[in-house]
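The values are calculated or read from the model by the stated rules, or taken from the named source; none is laboratory data. Since we're looking at a predicted model, the values are computed, not measured. Using ideal geometry, Cβ is built from the backbone for each residue, glycine included, and neighbour counts are taken over all protein chains shown. Just the protein is used for accessible areas: all its heavy atoms, side chains included, with ligands, DNA and RNA removed. Shrake-Rupley method; radii C 1.70, N 1.55, O 1.52, S 1.80 Å.
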Amino acid sequence: MAKAGETRRPRTDKAKTQAVILDAAERLLVAEGYAAVSNRKIAQFCGLKPALILYHFKTMDDLFTTLYRRAAERSLERHAAALV
């Protein structure tokens, strides 16, 4: 709880923050490869603190799994659109 005279930081939308993190991770993965991607690099790339990356994705494996699923969903959407 904020004390008198202090202002609270506005809360950000969790899904929006996760999307920013995933976008940064995807760009780094494409540019530098899997082995070069770390929570510190992702945080630096998107202007967040490294601890926030691990707050949203408990492990880097969790982050990469989510990133893979997101790419797979996009691919399925493109395939479905092509069949129409």
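Which ones in the stretch 30-40 are within 13 Å of the chain's Cα centre (by Cα) and either open to solvent by 100 Å² or more (accessible area, probe 1.4 Å) or under 16 Å from A19 (Cα atoms) (or both)?
Pass one, the stretch 30-40, residues within 13 Å of the chain's Cα centre (by Cα): 37-40.
Matches in the stretch 30-40: N39, R40.
Within the stretch 25-62, can you find the residues that are within 17 Å of A15 (Cα to Cα), touching a residue at least 12 places away in the same chain (Cβ under 8 Å) and among the charged types (D, E, K, R)?
E26
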